[in-house]
Amino acid sequence: MSTLATILQDEISTATLQKGLYAIAACTLIGAAAYAGYKAAEPETKHLPSHRHPESNEQIEKVLEALRLDDDDKLRVIMQSLEREMELGLSPATHPTADVKMFATYVRSTADGSETGQVLALDLGGTNFRVLLVDLLPQSKVELTSKIFVIPQSIMLGEGSYLFRHLADCLMEFMNKENLNKPGVRYPLGFTFSFPCKQEGLASARLSTWTKGFTCSGVVNEDVVKMLQVAIDEKNINVQCVALVNDTVGTLMACAYKDPNTEIGLILGTGTNACYMEKLDRVGTWDGDYNDPKQVIINMEWGAFGNNHRLNHIRTKYDEEVDLSSVNPGKQIFEKMISGMYMGEIVRLIMLDLIHQNLLFIGKCNGSEDFKTPLFTRGGFYTKYVSSVEMDEGIGFSNTRRVLEDIGIRNPSYDDCAIVQHICKIVSKRAARLAGAGLAVLINRINKPNVTVGVDGSLYRYHPRFKRNMEKCMQNLVSKNIKFLLQLSNDGSGIGAALTVAAAEALSNQEKTKRSYPLSDDGSGKGAGLIAVVASRYLQQLSQSTSTLHNHNNEKVPTQFQKHLSTLQSPM
Ligand code: GLC
């Protein structure tokens with residue numbers, strides 16, 4: 001009975017179960033059909049995966065993985081490789097093929113703050129060009145009057161003589177405005193020319209290659225001081241170029257003017273480069289004297305690190321694309337991973353990749369009109385946008401929204417903003433860590449208890465966390481017994497050139513008693529050499545002497561440059 005009852009009950013329950021299952025199956029079918037129909041009609045945007053934390057989204061992380069350089073050991077390998085390349089640049093046998101050229105500058109020591117006087121300076125290093133009037137006042141105080149001029153693309157890519165004519169035109173305009181064009185007064189001028197140059201003296205430097213988007217013809221291997229002077233003389237302006245400096249050297253000089261521990265100059269702007277004070281016995285290429293001070297500032301031109309493929313293991317497809325579409329493919333590999341001229345473009349290429357993989361701006365870039373927007377145009381995402389995007393804190397993304405609207409994304413979503421900020425952070429952090437590793441090599445090599453680095457450049461100045469990211473990695477990479485300081489150097493390019501000129505001018509005033517101003521008859525190369533020779537010769541005698549420069553009213557201004565004269569050395 002109990003068995004019968006069980007069977008009966010089982011039959012009943014089986015039937016019930018069957019009915020239930022049919023019902024569920026039917027519901028599932030109807031549900032699936034309804035879902036399929038809904039999906040087909042659903043707008044694209046509804047597929048959006050949630051990126052509340054884009055960094056934890058696997059697909060996006062996979063794309064960005066190659067750009068991460070968070071491991072200090074990876075940086076240590078790069079440091080060793082950079083130091084090897086530096087040695088190759090310093091050795092005469094390997095210098096010609098070395099990627100990091102390590103040019104000796106003939107500047108042997110830094111200024112001490114006692115220099116005073118008034119000089120003109122030209123600063124050419126990127127798309128902007130500045131003319132400056134620099135007043136070096138007592139107690140390391142400096143007053144600047146300057147004007148910025150734009151260098152049009154047509155001039156950057158045109159004939160060299162047009163470039164120098166343009167510089168002379170701007171100089172003349174500035175001098176007229178400042179009322180400096182007065183008969184009988186010849187102004188000394190310092191030329192901050194921020195491109196790789198093999199220096200043959202203080203006022204003689206041959207361009208070894210163009211960088212940062214310039215390709216002017218007829219300048220490589222030429223003496224750029226001579227070319228500038230020809231253009232100045234054509235305009236009948238009473239100005240004599242007496243010194244050429246790289247912007248890194250200007251930055252070091254200007255920073256040392258206030259802080260005697262300064263041993264390194266660093267630029268993080270349109271391009272990137274560093275210079276530092278090196279011991280003469282480590283400079284195999286040195287062809288000058290070995291008198292005291294037994295040191296010389298080396299313009300590293302570190303932007304070219306990687307040209308010999310030493311950075312291939314960390315380069316990404318975005319770096320390769322930036323390089324291939326530049327005017328100098330295969331060159332300035334380190335610079336292209338760090339500096340302001342390229343950072344925005346790297347971010348743009350990553351955004352395009354994510355769009356392509358349907359991970360960003362979903363449903364927002366389909367129309368043919370969209371492809372004409374800055375987002376789809378080479379160079380359309382500026383590096384200043386990277387700084388602006390990274391300044392956003394919290395969930396408002398007000399800067400990021402503005403930037404995205406500017407590049408053609410209407411009504412960006414929260415996810416869009418968060419992902420773009422994430423990309424910017426990864427790209428700028430990689431750049432900061434690479435630059436930090438480079439600096440760590442120099443600081444460890446200098447190996448003094450306190451080392452100050454003078455830093456300038458728009459990227460360093462305006463990016464909200466570039467400095468912090470550099471310092472963070474440097475704390476682990478710099479020897480524990482060394483304290484370092486990154487010091488923003490205000491207007492180093494202008495002031496540094498002026499400091500160098502001030503010394504040259506002091507010297508020329510000494511020399512006038514013996515012969516005419518040296519640059520007039522035998523060319524600037526020899527003239528600069530002469531200045532340098534005389535500098536060493538008169539160094540001892542000059543300890544009490546004064547020199548003259550002209551102030552705004554063309555009155556003679558007493559100057560004291562004796563200590564600074566030791567910065568000038570002969571290339572003999
Ligand atoms: C480029 C130039 C270098 C300059 C740097 C920063 O790398 O080659 O001379 O110092 O940009 O402006």
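Can you tell me how many residues within segment 79-109 are open to solvent by 10 Å² or more (accessible area, probe 1.4 Å), out of contact with any Leu (no Cβ under 9 Å at 6 or more places or on another chain) and in a helix (DSSP H, G or I)?
Summing the residues that are open to solvent by 10 Å² or more (accessible area, probe 1.4 Å), out of contact with any Leu (no Cβ under 9 Å at 6 or more places or on another chain) and in a helix (DSSP H, G or I) in segment 79-109 gives 6.
Pick from LEU442, LEU499: which is at pLDDT 95 or above, within 30 Å of VAL242 (Cα to Cα) and in a helix (DSSP H, G or I)? Working first, answer last.
Details: LEU499 fails: at pLDDT 95 or above.
So the residue among LEU442, LEU499 that is at pLDDT 95 or above, within 30 Å of VAL242 (Cα to Cα) and in a helix (DSSP H, G or I) is LEU442.
Testing PRO464 on (1) in contact (Cβ under 8 Å) with a residue 60 or more places away in the chain; (2) assigned to a loop (DSSP other than H, G, I, E, B); (3) in contact with a Pro (Cβ under 6 Å, 6 or more places away or on another chain), one condition comes back false. Which one is that?
So PRO464 meets the others, but not (3).
State which residue is surrounded by the fewest Cβ atoms within 10 Å (Cβ to Cβ) when the search covers only segment 126-165 and only residues that are β-branched (Val, Ile, Thr) and within 16 Å of the ligand (Cβ to nearest atom). Lay out the reasoning, then the answer.
Taking segment 126-165 and keeping what is β-branched (Val, Ile, Thr), we get 127, 131, 134, 142, 145, 148, 150-151, 155.
Those still in the list that are within 16 Å of the ligand (Cβ to nearest atom) too: 127, 148, 151.
Numbers: THR127: 14, ILE148: 11, ILE151: 19.
Going through the qualifying residues, I end up with ILE148.
Residues being within 16 Å of the ligand (Cβ to nearest atom) and surrounded by 18 or more Cβ atoms within 10 Å (Cβ to Cβ): count how many of those fall in segment 168-208.
Just the residues of segment 168-208 that are within 16 Å of the ligand (Cβ to nearest atom), to begin with: 190-199, 205-208.
In the following step, the residues that additionally are surrounded by 18 or more Cβ atoms within 10 Å (Cβ to Cβ) were identified as 190-197, 199, 205-207.
Going through segment 168-208 one residue at a time, the tally reaches 12.
Do you know which residues across segment 452-489 are within 16 Å of THR110 (Cβ to Cβ), more than 16 Å from the ligand (Cβ to nearest atom) and open to solvent by 10 Å² or more (accessible area, probe 1.4 Å)?
Of the residues in segment 452-489, the ones within 16 Å of THR110 (Cβ to Cβ) are 452-456, 485, 487, 489.
In the following step, the residues that additionally are more than 16 Å from the ligand (Cβ to nearest atom) were identified as 452, 485, 487.
Hits for segment 452-489 are LEU485, GLN487.
Whether any residue in segment 134-146 is modelled with pLDDT under 95 and under 21 Å from the mean Cα position of the chain (by Cα) is what I want to check.
The first filter runs over segment 134-146 and keeps only residues modelled with pLDDT under 95, leaving 134-146.
After this cut, where a residue has to be under 21 Å from the mean Cα position of the chain (by Cα) as well, the list is none.
There is no residue in segment 134-146 that is modelled with pLDDT under 95 and under 21 Å from the mean Cα position of the chain (by Cα).
Take residues that are more than 16 Å from the ligand (Cβ to nearest atom) and tell me which of the helices (runs of 4 or more DSSP H) falling wholly in segment 302-377 contain 3 or more. So that I can check it myself, show each step before the final result.
Numbers: elements: 317-324, 333-338, 340-356.
Helices (runs of 4 or more DSSP H) meeting the threshold: 317-324, 340-356.
For residues that are open to solvent by 50 Å² or more (accessible area, probe 1.4 Å) and under 23 Å from ASP323 (Cβ atoms), tally how many sit in segment 344-373.
Of the residues in that region, 2 qualify.
Take THR270 and tell me if it is open to solvent by 10 Å² or more (accessible area, probe 1.4 Å), β-branched (Val, Ile, Thr) and out of contact with any Leu (no Cβ under 8 Å at 6 or more places or on another chain).
Numbers: open to solvent by 10 Å² or more (accessible area, probe 1.4 Å): yes; β-branched (Val, Ile, Thr): yes; out of contact with any Leu (no Cβ under 8 Å at 6 or more places or on another chain): yes.
Answer is yes for this residue.
Residue by residue through segment 378-408, note down the ones that are of a type in the set (Val, Ile, Thr) and modelled with pLDDT of 95 or more.
From segment 378-408, those of a type in the set (Val, Ile, Thr) are 383, 386, 389, 395, 400, 403, 407; that's our starting set.
Correct list: THR383, VAL386, VAL389, THR400, VAL403, ILE407.
Got at least one residue in segment 224-238 being open to solvent by less than 20 Å² (accessible area, probe 1.4 Å) and either under 19 Å from LEU144 (Cα atoms) or at pLDDT below 95 (or both)? Explain how you work it out, then say what you get.
Residues of segment 224-238 open to solvent by less than 20 Å² (accessible area, probe 1.4 Å): 224-225, 228, 231-232, 237.
Subsequent filtering for residues that are either under 19 Å from LEU144 (Cα atoms) or at pLDDT below 95 (or both) retains 237.
Yes, that holds for at least one residue.
State all residues of segment 229-263 that are within 16 Å of the ligand (Cβ to nearest atom) and assigned to a helix (DSSP H, G or I); if no residue qualifies, say none.
Filtering segment 229-263 down to residues within 16 Å of the ligand (Cβ to nearest atom) leaves 243-255.
Result: ASP247, THR248, VAL249, GLY250, THR251, LEU252, MET253, ALA254, CYS255.
Looking at (1) in a loop (DSSP other than H, G, I, E, B); (2) touching a residue at least 40 places away in the same chain (Cβ under 8 Å), which is the only condition SER479 fails?
Among (1) in a loop (DSSP other than H, G, I, E, B); (2) touching a residue at least 40 places away in the same chain (Cβ under 8 Å), SER479 violates only (2).
Which of the following residues is basic (Lys, Arg), under 30 Å from ALA256 (Cβ atoms) and touching a residue at least 24 places away in the same chain (Cβ under 8 Å): LYS331, LYS364, LYS384, LYS294?
Working: LYS331 fails: under 30 Å from ALA256 (Cβ atoms); LYS364 fails: under 30 Å from ALA256 (Cβ atoms); LYS294 fails: touching a residue at least 24 places away in the same chain (Cβ under 8 Å).
None of the others qualify; the one that does is LYS384.
Looking at segment 110-125, which of its residues are within 16 Å of the ligand (Cβ to nearest atom) and open to solvent by 10 Å² or more (accessible area, probe 1.4 Å)?
We begin by selecting, within segment 110-125, every residue within 16 Å of the ligand (Cβ to nearest atom); these are 121-125.
Residues satisfying the conditions are ASP123, GLY125.
Exactly one condition in (1) under 21 Å from GLU65 (Cβ atoms); (2) open to solvent by 10 Å² or more (accessible area, probe 1.4 Å) is not met by THR377; state its number.
(1)
Here are THR248, THR285, THR211: which of them is out of contact with any strand residue (DSSP E or B) (no Cβ under 8 Å at 6 or more places or on another chain) and either open to solvent by 10 Å² or more (accessible area, probe 1.4 Å) or within 25 Å of ASN328 (Cα to Cα) (or both)? Steps first, please.
Working: THR248 fails: out of contact with any strand residue (DSSP E or B) (no Cβ under 8 Å at 6 or more places or on another chain); THR285 fails: out of contact with any strand residue (DSSP E or B) (no Cβ under 8 Å at 6 or more places or on another chain).
Answer to the selection: THR211.
The values are calculated or read from the model by the stated rules, or taken from the named source; none is laboratory data. The structure displayed is predicted, hence computed values, not measured ones. Note that we place each Cβ from the backbone using ideal geometry, even for glycine, and neighbour counts take in every protein chain shown. Surface areas here come from the heavy atoms of the whole protein model, side chains and all, with no ligands, DNA or RNA. Shrake-Rupley method; radii C 1.70, N 1.55, O 1.52, S 1.80 Å.
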